[in-house]
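Right, one structure below, let's go through it.
The values are calculated or read from the model by the stated rules, or taken from the named source; none is laboratory data. Computed from a prediction, not measured in an experiment: that's the story for all the values here. Glycine gets a Cβ as well: all are built from the backbone with ideal geometry, and neighbour counts include every protein chain shown. Just so you know, the surface numbers come from the protein's heavy atoms only, side chains and all, with ligands and any DNA or RNA stripped out. Shrake-Rupley method; radii C 1.70, N 1.55, O 1.52, S 1.80 Å.
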Amino acid sequence: MDFALSEEQQAIFDMARGFGEGHIAPHARQWEAEGTIPKELWRKMAELGLAGIYVSEENGGSGLSRLDATLVFEGLSRSCAATAAFMTIHNMCAGMIDKFGSDELKARYLPKMVTAEMFFSYCLTEPGSGSDAAALKTRAERTPTPSSSEAVGHNSWGYKLNGTKAFISGGGYSDAFLTMTRTGEDGPKGISAIIIEHGTDGMSYGAPEDKMGWRAQPTAQVQFDDCHVGAEQLVGEEGKGFAYAMAGLDGGRLNISSCSLGAAQAALEQTLTYMGERKTFGRSIDSYQALQFRLAEMEIEMQAARTFLRQAAWKLDQGAPDASKFCAMAKAFVTETCSKVADRCLQMHGGYGYLGDYGIEKTVRDLRVHTILEGTSEVMRLIVSRQLLAER
């Protein structure tokens, strides 16, 4: 078993890390204060192939593996976890369209997505359905409304959407929203995926959410009130939307874990430097054995987290039957571990860690949500326990 990265994989990580250090890190605090990220950043990422990571090369994307993707987001998140995580959402949407969309839908959106001319958000969560995503209430009813396109051959019917989506990264910011909505019966089999472009009549946004972390990402409710779209906006087949969403969840869990890993690693390295410079009672604090033990504990935990994450990614790439279980285990372990490491790094900085100038407190705030989104730690444990019991 070879645990080493290939030369190409190391180059992918170095490229992402270098891009983050040059184009994200110098502006991260400013973007957090402003509550937004310039869209020009996504176009710069797209020039490196980072806006179509899961899109096939045939459709203009990079066609990377899940393991490769963890390297990209680990490298980027060293500079800002919130920025890196925002790009994971766009890539998830592009990958879903590439895998399940019609040829017409791919031709209309993928060229603009892989160049970041259009930036996508994902609408699944609702005020009353978080972990129980299949209970969503937003409904899309078939209507005789003509489709939004004049192209010959399009269906002459469409959908009328009504409902509310909550905690949407990019609400009021993104160019289009891949939206999970109910087109049929209650439960997962009645859910479909529909693309709604920004500016569509009947679509509106709530006020920006005042969040603990991920403050650079504009987050808001997305509201649909008799919002009409054409039938050609349907991704794949009616009633298959929830299956499409679940197919992308394992990868999403790896992505958010990667963002935790990169940010926590950067915090640990910064802490090592600080401890060599900070002196108390005439000696640098890295000379105290008690603090050396803390450093060792953090390093052990980070190495375990990285190995676990990459094993889960490898299993997902190989189509292993236990891949979902490993993705859930890795998500719980990596995000929880990295949040603890970031918090300990703040503690090692003392009062300085509490100041914005050092960046550690931002990392602590940004990583806190990683144990909640893409499936809470509690849901991850539920997935693991159910699979363990089923394997008896």
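If one puts a single equal scatterer on every Cα of the chain and applies the Debye formula without solvent, what log₁₀ I(q)/I(0) results at q = 0.14 Å⁻¹?
Ignoring solvent entirely, the Cα scatterers give -1.23.
Quick one: if you take sqrt(5λ) for each eigenvalue of the C-alpha gyration tensor of region 243-391, what semi-axes come out, biggest first, whole angstrom? Spell out each step's value before the answer.
Values: eigenvalues 233, 44, 27 Å².
Working from the Cα gyration tensor, I get semi-axes of 34, 15, 12 Å.
Could you sort Arg43, Arg78 by accessible area so the largest value comes first, with the probe set to 1.4 Å?
Output order, biggest surface exposure first: Arg43, Arg78.
When a/c is below 1.5 the answer is rounded, else prolate if a/b is larger than b/c, else oblate, so apply that to region 120-237 with a ≥ b ≥ c taken from the square roots of the Cα gyration tensor eigenvalues. Numbers along the way, then the final one.
Details: a/c = 2.28, a/b = 1.46, b/c = 1.56.
It is oblate, given that a/c is not under 1.5 and a/b is not larger than b/c.
Scan the chain and note any complete DSSP helix (H) whose C-alpha atoms cover at least 30 Å along its axis and whose Kyte-Doolittle average is -0.5 or more. If you can, show how the numbers build up before the last one.
On the way: long enough: 241-277 (54 Å, 0.29); 289-318 (43 Å, -0.35); 323-348 (36 Å, 0.32).
Those that pass (Cα extent of 30 Å or more, hydropathy at least -0.5) are 241-277, 289-318, 323-348.
Show me the three semi-axes of the equivalent ellipsoid for region 1-92, from the C-alpha gyration tensor (sqrt of 5 times each eigenvalue), largest first, rounded to whole Å.
Details: eigenvalues 106, 50, 22 Å².
Listed largest to smallest, the semi-axes of region 1-92 are 23, 16, 10 Å.
Just to confirm a number: summing +1 for Lys and Arg and -1 for Asp and Glu over residues other than Arg294 whose beta-carbon lies under 12 angstrom from that of Arg294, what do you get? Please report the intermediate quantities before stating the final value.
Values: positive: Lys340, Arg344; negative: Asp286, Glu297, Glu299, Glu301, Asp343.
Computed value for this residue: -3.
Please report the orientation-averaged projected area of region 183-260, defined via the convex hull of its C-alpha atoms, in nm². Don't skip to the answer; put the middle values down first.
Working: hull surface 28.1 nm².
Projected area, direction-averaged: 7.0 nm².
Just from its helices, what would the mean residue ellipticity at 222 nm be for the chain, if runs of 4 or more DSSP H residues each count -39500 (n - 2.57) and the sum is divided by every residue, rounded to the nearest 500 deg cm²/dmol?
Taken over the chain, the calculation gives -16000 deg cm²/dmol.
Which of Gly251, Gly262, Gly359 ends up with the largest GNM mean-square fluctuation for the chain, with Cα atoms connected below 10 Å?
Maximum fluctuation in the GNM of the chain, among the listed residues, is at Gly359.
Between beta-carbons, use under 14 Å as the cut-off and find the net charge around Gln221, counting Lys and Arg +1, Asp and Glu -1. Mind dumping the intermediate values first?
Details: positive: Lys137, Lys165, Lys211; negative: Glu126, Glu209, Asp210, Asp225.
For residues surrounding Gln221, the net value is -1.
How many angstrom lie between the Cα centre of region 254-306 and the Cα centre of region 1-75?
Their Cα centres are 24 Å away from one another.
Excluding the sites themselves, what is the longest stretch of the chain that contains no chymotrypsin sites (Phe, Trp or Tyr not before Pro) in a DSSP loop with at most 15 other C-beta atoms within 10 Å? The partial results should precede the final answer.
Details: sites that count: Phe3, Trp157, Phe281, Tyr288.
After excluding every exposed loop site, the longest remaining stretch is 4-156.
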